[in-house]
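Colleague: One structure follows; several queries about it will come next.
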Amino acid sequence: MERLLKPAGAVVLLLALSVGLSSCGGGSAAFVRSKKAGQASSSLQPPGCTTAVSIGPALDRVRIRMVHLPGEPFGIVTTRDGRWSFLSLGNRIAVMRDGGGVPRLVRLIGVPSAPRAETLSHDGRYLLLTDGGGPLVLSVARAEQGGANPILGTLSSPGADAGAIDVVTSPDDAYAFVTLEGRGVIAVFDLRAALARGFRGAGYVGAVSVGIAPLGIAISPDGRWLYAVSEFAAGPVRTGRSHGTLSVIDVRRAETQPSSAVVDTAAAGCNTARVAVSPDGQTVWATARRSNAVLGYSTAKLLRDPRHALVAVSRVGQQPIGLGFVDGGRRMIVFDSTPSRAPGARTGLTVVDPAAAAAGRRAVLGTLTTGQYPREVTLAPSGQALLVTRFTSGEGALVRTADLP
């Protein structure tokens, strides 16, 4: 879902989002490297639950332009040419067209329930929305042009599609992968077959079992691997209910034998929420919501030595959820939801230097205060905008990324 943003002249669109956050028991706040008797080890350990945060210098000089919206926005995606955006507003999808760098509302499309996440197929023909159940599939052309019946159908699995959260498609758009929080699995759908059959049978292939309460999912740049994060560990990597997991999934195997598609699983932080792959494909980054941290994993080590794949831990603001990249991956943007008034906490956008995080140095470059609950992020494929959701206010903000450190 996340794509690369060009550094010059780009803008960040912040849109509001409300989220219920689960509680987590206390835990260690330490980011430590394990030690054997008499010597130090380079094995970085996932952080535990904590209330401590890292706040960078306030980005007071960053220019912000407010955008009013007809509702409370949630997820958002942008077409590859950067001309159109689709924004969920409760039980409606707002179709917005770029108007000189400012999104302009063109029409609203009613949907059965409020979407939680959105993604576009790689060919740009279909918009997939998760709404707690099986994902809806919409025709992008009909949505853009105001055609009749833009909703083509629903992908559904046998039994309840409990808590569908995130969705991605395979590089050839033949398959769709959906995290089901309530079932602890990733549902696999033959999207091409479902479209060909008019959604009779819904194209369900099977399920990939991962940790407890899977949330975020991302695909590698080469399309070979899926990375999925779960809030809590299950199975041999369990280190306590406060720790989540990062699972590595073979895409081809998931399409044909989903029950055996998990290649490796690494321990993650407290209440792991979202995941993104660096533009060069070498690092997977995950937000640990109750650790107030972002974690970096070597993609190569995840395949051969997952216990030592964690290469970077950087504390950020309170309860980070969404994340993405700008400036060719040289900067990472993390969005802190900050649902409470913890001492020193600020709600907003945290700018992180990934290279500094990997070197064990202080990596937070600055913080932009935006108001409560920024969470989801999608980077405009045209390289012109970073689009982030924020709830409760009915308005967004355009922020020039050229102003960011």
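Colleague: Restricting the range 65-79 to residues that are surrounded by 15 or more Cβ atoms within 10 Å (Cβ to Cβ) and part of a strand (DSSP E or B), which is farthest from the chain's Cα centre (by Cα)?
Modeller: Val67
Colleague: What's the number of the only condition in (1) polar (S, T, N, Q); (2) farther than 16 Å from Ala357 by Cβ; (3) surrounded by fewer than 22 Cβ atoms within 10 Å (Cβ to Cβ) that Gln282 fails to meet?
Modeller: (2) is the only condition that Gln282 fails.
Residues checked against (1) modelled with pLDDT of 95 or more; (2) crowded, with 24+ Cβ neighbours inside 10 Å; (3) touching a Leu at 6+ places or on another chain (Cβ under 7 Å); (4) not hydrophobic (A, V, I, L, M, F, W, C):
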position: Gly211; (1), (2), (3), (4): no, yes, no, yes
position: Pro221; (1), (2), (3), (4): no, no, no, yes
position: Phe232; (1), (2), (3), (4): no, no, no, no
position: Val251; (1), (2), (3), (4): yes, no, yes, no
position: Ser260; (1), (2), (3), (4): yes, no, no, yes
position: Asn271; (1), (2), (3), (4): no, yes, no, yes
position: Val277; (1), (2), (3), (4): yes, no, no, no
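Colleague: Ok, one more. Taking only the range 155-195 into account, find how many residues are in a loop (DSSP other than H, G, I, E, B) and closer than 23 Å to Gly110 by Cβ.
Modeller: Of the residues in the range 155-195, 4 are in a loop (DSSP other than H, G, I, E, B) and closer than 23 Å to Gly110 by Cβ.
Colleague: Further question: Can you find a residue that is in contact with a strand residue (DSSP E or B) (Cβ under 7 Å, 6 or more places away or on another chain), of a type in the set (D, E, K, R) and either closer than 30 Å to Gly269 by Cα or modelled with pLDDT of 90 or more (or both) anywhere in the range 109-122?
Modeller: Yes - at least one qualifying residue is present in the range 109-122.
Colleague: From the set of residues in the range 102-118 that are exposed (fewer than 15 other Cβ atoms within 10 Å of the Cβ) and among the small types (Gly, Ala, Ser), which is farthest from Leu138 (Cα to Cα)?
Modeller: Ser113
Colleague: Here's another thing I want to ask about it. Report yes if Glu144 is in contact (Cβ under 8 Å) with a residue 60 or more places away in the chain and in contact with a strand residue (DSSP E or B) (Cβ under 6 Å, 6 or more places away or on another chain), otherwise no.
Modeller: Judged against the criteria, Glu144 is a match.
Colleague: Can I ask one more? Is there a residue being more than 30 Å from Thr272 (Cβ to Cβ), at pLDDT 85 or above and among the charged types (D, E, K, R) anywhere in the range 84-92?
Modeller: Yes - at least one qualifying residue is present in the range 84-92.
Colleague: Could you check Thr50 against (1) of a type in the set (Val, Ile, Thr); (2) part of a strand (DSSP E or B); (3) under 30 Å from Ala162 (Cα atoms) and say which number it fails?
Modeller: Against the list (1) of a type in the set (Val, Ile, Thr); (2) part of a strand (DSSP E or B); (3) under 30 Å from Ala162 (Cα atoms), Thr50 comes up short only on (2).
Colleague: Hey, another quick one. Restricted to the range 319-332, and to residues that are surrounded by fewer than 24 Cβ atoms within 10 Å (Cβ to Cβ) and on the phi < 0 side of the Ramachandran plot, which residue is modelled with the lowest pLDDT?
Modeller: Among those that are surrounded by fewer than 24 Cβ atoms within 10 Å (Cβ to Cβ) and on the phi < 0 side of the Ramachandran plot, it is Val326.
Colleague: Considering each residue of the range 151-192, count those that are small (Gly, Ala, Ser) and buried (at least 17 other Cβ atoms within 10 Å of the Cβ), and give that number.
Modeller: Number of matching residues: 9.
Colleague: Residue check: is Leu152 in a strand (DSSP E or B), farther than 14 Å from Ser88 by Cα and not aromatic (Phe, Trp, Tyr)?
Modeller: Working: in a strand (DSSP E or B): yes; farther than 14 Å from Ser88 by Cα: yes; not aromatic (Phe, Trp, Tyr): yes.
It is true that Leu152 is in a strand (DSSP E or B), farther than 14 Å from Ser88 by Cα and not aromatic (Phe, Trp, Tyr).
Colleague: Further, regarding this structure: Could you grab the pairs with beta carbons closer than 7 Å, sequence gap of 6+ or different chains, first residue in the range 165-186 and over 14 Å from Ile217 (Cα atoms) and modelled with pLDDT under 95, second one assigned to a loop (DSSP other than H, G, I, E, B) and of a type in the set (A, V, I, L, M, F, W, C)?
Modeller: Note: pairs meeting the criteria are Gly182/Ala162; Arg183/Ala162.
Colleague: For the range 80-101, name all the residues that are surrounded by 19 or more Cβ atoms within 10 Å (Cβ to Cβ) and not acidic (Asp, Glu).
Modeller: Correct list: Trp84, Ser85, Phe86, Leu87, Ser88, Leu89, Ile93, Ala94, Val95, Met96.
Colleague: If you go through the range 125-141, how many residues are in a strand (DSSP E or B) and either in contact (Cβ under 8 Å) with a residue 40 or more places away in the chain or crowded, with 19+ Cβ neighbours inside 10 Å (or both)? Even if it seems obvious, please write down each step before you answer.
Modeller: Filtering the range 125-141 down to residues in a strand (DSSP E or B) leaves 126-130, 132, 136-139.
Right, trim to either in contact (Cβ under 8 Å) with a residue 40 or more places away in the chain or crowded, with 19+ Cβ neighbours inside 10 Å (or both) and you get 126-130, 136-138.
Qualifying residue count, the range 125-141: 8.
Colleague: For the range 93-124, enumerate the residues that are within 25 Å of Leu215 (Cα to Cα), touching a Pro at 6+ places or on another chain (Cβ under 8 Å) and assigned to a strand (DSSP E or B).
Modeller: If the condition is that a residue be within 25 Å of Leu215 (Cα to Cα), touching a Pro at 6+ places or on another chain (Cβ under 8 Å) and assigned to a strand (DSSP E or B), then Ile93, Ala94 are the ones that fit.
The values are calculated or read from the model by the stated rules, or taken from the named source; none is laboratory data. Everything numeric in this text was worked out from a predicted model, so none of it was measured. Every residue, glycine as well, gets a Cβ built from its backbone with ideal geometry; the counts of neighbours run over all protein chains shown.
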